[in-house]
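Values quoted throughout were computed directly from the atomic coordinates according to the rules given, and no laboratory measurement underlies them. Only a predicted model underlies this, so the values are computations on that prediction, with no experimental measurement involved. Note that we place each Cβ from the backbone using ideal geometry, even for glycine, and neighbour counts take in every protein chain shown.
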Amino acid sequence: MFDFEKHPELLPALISAFAALLSVMATALAAWATWRGPSSAARLAEELRRDSEAKEQKRRMKLWVFSTLMQERHLYNAPEAVKAFNLIDVVFIESFAVREAWAKFHEALDPNKKATELETRNRQRELLSAMAKDLELSGQLGVADLERLYYPTSMEEERLAQTLYRQSLLRQVSGQSAPSANTATTMSAWPPRPGETAPPQVPINTTKTG
Amino acid sequence: MGKPSHLDGFYVAYISGAAGLGMAMFIFREGIVVGSDISGVSYDGTFVASEDGKSAHVSALVKVPGGTTLIQGHVVPPEGESFRLERIIPIISDAPFFPLDTPHGPVNVRLTRLRDL
């Protein structure tokens, strides 16, 4: 140990040196913090941005599913509605209430379960309500809003015409295009195939003219 | 050429076979009948009206291009085929269609008059 009693004049110098050392360390720490601070802040900002973007993306997907099902709520089998239904379990993965409501509605759509029209509509409304609640829209959407639907007759007629055309096309492709009855129909000009029905009795005069 | 007949005119035939559907156009004129269908089959012959004026005794040479699959299901060899068809065809009839036997199997025919010549 240094003997300060023999050399008392060195004590101030030593204290001064120690203070200088502490100052250097403080300066170094400050420099390190100055260098480290912005990069940490940048990293933190990037993480926050990514989280925010992921949340926003998730919400956009949920909104797409919800708005599609709202638009197509009169037609369960519309192509866009089918896409939206099949995304529910993924998009609303964190919402048990929505997935539960979807499972119940899906059950009602099963023809083997023979759910009534009213029951199916009720379950559909519960699904849409659960989605609205998850999206924090439920305070603004009521039952009347979900029930109110605008679907003009012309669109229904268009849909019916397309259904009839599709059925006719299926019949043609499966080889059933000719009418099976002994009558012509507006859907086909062709007579039935040989063997499908008994040919009509056509009286034929076999005598030629002179 | 024969005499003008009330059967003279343009006709379309919708034909159903065991393996498909066909459509042919015909002209009946003064004892001559000529026609063709969508697979290239040609019909060339003569006809004589029946006494009651409702049928035609038709005698036509039918030529089928090679490689064609007929609506009866028969596949024509590459060199093609031709055969004579002699039948009594009901032209004016209330029946919606009539059966017709061909060398390659039966068909049902709905013959519709489009217009006079």
| field | Approximate spin-label separation A:L11-A:R50, in nm, with each point projected 7 Å along Cα-to-Cβ | value | 5.8
| said: Could you identify which residue out of A:K62, A:K104, A:K113 has the top mean-square fluctuation in a GNM of chain A using Cα springs shorter than 10 Å? | reply: A:K113
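When 1/r is averaged over all different Cα pairs and the result inverted, which Kirkwood radius in Å belongs to the range B:27-73? Mind dumping the intermediate values first?
Working: mean 1/r = 0.0843 Å⁻¹.
Final number for the Kirkwood radius of the range B:27-73 is 11.9 Å.
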| task | Any chance you could run the full-extension gain for A:T206 through A:L137? It's 0.36 nm times the residue separation minus the Cα-Cα distance, nm to one decimal. | result | 16.6 nm
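Kirkwood hydrodynamic radius for the range A:59-113: how many Å is it when counted over pairs of different Cα atoms?
On the way: mean 1/r = 0.0869 Å⁻¹.
Result for the range A:59-113, one decimal place: 11.5 Å.
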| request: Counting residues in the range B:62-114 as N, plug N into 2.2 N^0.38 Å and put the Cα Rg over that result. | output: 1.32
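Name the shape class, rounded, prolate or oblate, that the alpha-carbon gyration tensor gives for the range B:1-64, where a ≥ b ≥ c are the square roots of its eigenvalues, rounded holds for a/c under 1.5, and otherwise prolate holds if a/b is larger than b/c and oblate otherwise. Before the final figure, lay out each step's value.
Working: a/c = 2.27, a/b = 1.79, b/c = 1.26.
Prolate.
Could you work out the relative contact order of chain A, using alpha carbon pairs under 8 angstrom and six or more residues apart, expressed as a whole percent?
Values: 101 pairs, mean separation 20.5, N = 210.
Relative contact order here is 10 percent.
With the Cα gyration tensor of the range A:4-128 in hand, give its eigenvalues times 5 under a square root as the equivalent ellipsoid semi-axes, listed largest first in whole angstrom. Don't skip to the end; give the middle numbers.
Working: eigenvalues 1035, 43, 13 Å².
That gives 72, 15, 8 Å for the three semi-axes.
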| note | For B:A19, the residues 5 or more places away or on another chain with a placed amide H closer than 5 Å to its own amide H are B:Q72, B:G73
| task | Could you give log10 I(q)/I(0) at q = 0.11, 0.12, 0.16 Å⁻¹ for chain B, computed by the Debye formula over C-alpha point scatterers of equal weight, without solvent? | result | -0.34, -0.40, -0.72
| note | Working note, chain A: Cα radius of gyration (Å, one decimal) and Dmax (Å, whole number) are 39.6, 162
| task | Considering the options B:I92, B:G105, B:T69, tell which one lies farthest towards the positive end of the dipole of chain B, charges being +1 on Lys and Arg and -1 on Asp and Glu at the Cβ, about the Cα centre. | result | B:I92
| Among B:A19, B:A56, B:A95, whose mean-square fluctuation peaks in a Gaussian network model of chain B (Cα, cutoff 10 Å)? | B:A95
| query | Roughly how tilted is helix A:117-134, in degrees to the nearest 10 and between 0 and 90, from the longest Cα axis of chain A? | reply | 20
| query | A:T34 versus A:E157, label points 7 Å from Cα toward the beta carbon: distance in nm? | reply | 8.0
| note | At 4 °C in a medium of viscosity 1.567 mPa s, the range A:72-176 has a Stokes-Einstein diffusion coefficient, with Rh taken as the Kirkwood radius over alpha carbon pairs, in µm² per second, of 82
| query | Out of B:S36, A:L75, A:P12, whose Cα points farthest toward the positive end of the dipole of the protein assembly as shown (charges: +1 Lys, Arg; -1 Asp, Glu; placed on Cβ)? | reply | B:S36
| said: Using a Cα-Cα cut-off of under 13 Å, which aspartates and glutamates could be cross-linked to A:K83, ignoring same-chain neighbours fewer than 8 residues away? | reply: A:E72
| query | Once every DSSP H run of n ≥ 4 in chain A is given -39500 (n - 2.57) and the sum is divided by its residues, what mean residue ellipticity at 222 nm do you get, rounded to the nearest 500 deg cm²/dmol? | reply | -22000 deg cm²/dmol
| remark: Residue separation between A:A198 and A:N112 times 0.36 nm, minus their alpha-carbon distance, gives in nm 27.2 nm
| Taking the simple approach of a point 7 Å from Cα along Cα-to-Cβ for both B:M23 and B:F83, what is their distance in nm? | 2.6
